There are 2 protein chains.
Amino acid sequence: MQQLRSYFSKLTKLTDKEWADYADCLVKESYPKKSFLLEEGGACDFIAFVEEGVFRFYHEVEGEEKITAFFFSGDFVTNYRSFLTGGPSEHYIQVLQDATIYKISKKDLHELYNKHRSIERLGRLIAENLYLMVAKRLDAFHSSSPEERYYELVNRNSKLLQEIPQYMIASYLGIKPETLSRIRARK
Amino acid sequence: MQQLRSYFSKLTKLTDKEWADYADCLVKESYPKKSFLLEEGGACDFIAFVEEGVFRFYHEVEGEEKITAFFFSGDFVTNYRSFLTGGPSEHYIQVLQDATIYKISKKDLHELYNKHRSIERLGRLIAENLYLMVAKRLDAFHSSSPEERYYELVNRNSKLLQEIPQYMIASYLGIKPETLSRIRARK
DNA sequence: ATCATTTATTGACTTTGGTCAACGAAAAGT
DNA sequence: ACTTTTCGTTGACCAAAGTCAATAAATGAT
């Protein structure tokens, strides 16, 4: 949980009182491998901080699983779209490695936004950071070939490569497992 | 400018005083067709609201222009990445139709964030909305074929189709002009 | 109105990724 | 340890998008 506070403090100053109020809203939960943190159709009424474990965020398109993101220790795990809009999730969040998370509910977070300016500022900064992440990924899809996206991933996130089976990486890159296998084979 | 206030009021309540302070920071500017609002290498230190006109947001990759977005009347126009990070822009923002905008500087906006809670809240809500837009677009690239993306665009944004030359739409969709022409030809 | 430039279409061919199937390796369950 | 799935690789073939080039249509400039 100290990990979370230090992440926050990189974004903005929080007083001990503000942090204490935030921490009071956090609920620790554990999930075994293969279980679901969120299923299609449910609204995502929380944001969680990953203490330990790995998750995948995916949806089904014509019987095929399309993986949009992986979440690791130190990341936020949520369906941010569903969280923001209140609409039902089209995505699943599934546990790939036994996980422990700290959840905060949408309701509690909004009360904190009203109670503490710094926490609302944190909300802004987190939204801005999530924007930057997804905008970068869109850029990669828009301007790079599958092969380029793969090597980009190799360079930036070799940890991901080791922990995630190859057919899931293929899905994340937007290609078929056979194609990824061939990209790797061509030297 | 009334258009901007009414947009804001859909997001959160602003008092007359808060709006007046915001409006005081807005600078009206006009740009002729083909001019640049932002060029590669410059930092984007503003967000602007489009009163009138059309813009394209693009970058050059191996001598080719890749268009990421178009901005119309009622949209915000900025390189949000560069605005947030302070880093140099990799993108150009060019005027496609003579434009009038209201600019607010990063410096003024941050002062307003400090001065008025509601304006900081607005900042959060705008970041959240921009996240939703780009996440949706990433999804389209991840899960849909060029043909599907094209018809999605036809349904959602036929205005864009009429105002933007086809080769720019192709770039926006991540395909070559010839390919878009063929997609349209196959009824 | 004419001419020049830009944009859109079409054809022939290439390249790249997808599909289907087979096979071996690795992992999981008993 | 053995069996059963699951996963990764490879081959043959297919489909879709890219490339290059020619031409037609639309747009802009004078």
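The values are calculated or read from the model by the stated rules, or taken from the named source; none is laboratory data. All figures in this text were calculated on a predicted structure; none of them were measured in a lab. Counting neighbours? That spans all protein chains shown, and the Cβs are built from the backbone with ideal geometry, glycine included. The area values use the complete protein model at the heavy-atom level, side chains included, leaving out ligands, DNA and RNA. Shrake-Rupley method; radii C 1.70, N 1.55, O 1.52, S 1.80 Å.
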Open item on the list: Return the residues of segment B:101-117 that are within 18 Å of residue B:11 (Cβ to Cβ) and at the interface with another protein chain (Cβ under 10 Å from one of its Cβ atoms); say none if nothing qualifies.
Closed with: B:113, B:117
Open item on the list: What's the number of the only condition in (1) surrounded by 20 or more Cβ atoms within 10 Å (Cβ to Cβ); (2) outside any helix (DSSP H, G or I); (3) in contact with a helix residue (DSSP H, G or I) (Cβ under 7 Å, 6 or more places away or on another chain) that residue B:66 fails to meet?
Closed with: (1)
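Any idea which of B:86, B:174, B:74 is within 17 Å of the chain's Cα centre (by Cα) and on the phi > 0 side of the Ramachandran plot?
Numbers: B:86 fails: within 17 Å of the chain's Cα centre (by Cα); B:174 fails: within 17 Å of the chain's Cα centre (by Cα).
Criteria check complete, one pass: B:74.
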Task: Every residue from segment A:80-94 that is outside any strand (DSSP E or B) and more than 10 Å from every other protein chain (Cβ to nearest Cβ) - done: A:82, A:86, A:87, A:89
- [ ] Evaluate the following for residue A:140: is it more than 11 Å from DNA strand C (Cβ to nearest atom), facing chain B (nearest Cβ under 7 Å) and either free of Cβ contacts under 8 Å to residues at least 40 places away in the same chain or of a type in the set (A, V, I, L, M) (or both)?
- [x] no
TODO: Please specify each residue of segment B:143-187 satisfying the condition of being basic (Lys, Arg) and more than 10 Å from DNA strand C (Cβ to nearest atom).
DONE: B:149, B:156, B:159, B:187
TODO: Select from segment B:7-20 the residues that are closer than 23 Å to residue B:128 by Cα and either assigned to a helix (DSSP H, G or I) or without any contact (Cβ under 8 Å) to a residue 12 or more places away in the chain (or both) and write down the one among them that is least open to solvent (accessible area, probe 1.4 Å).
DONE: B:8
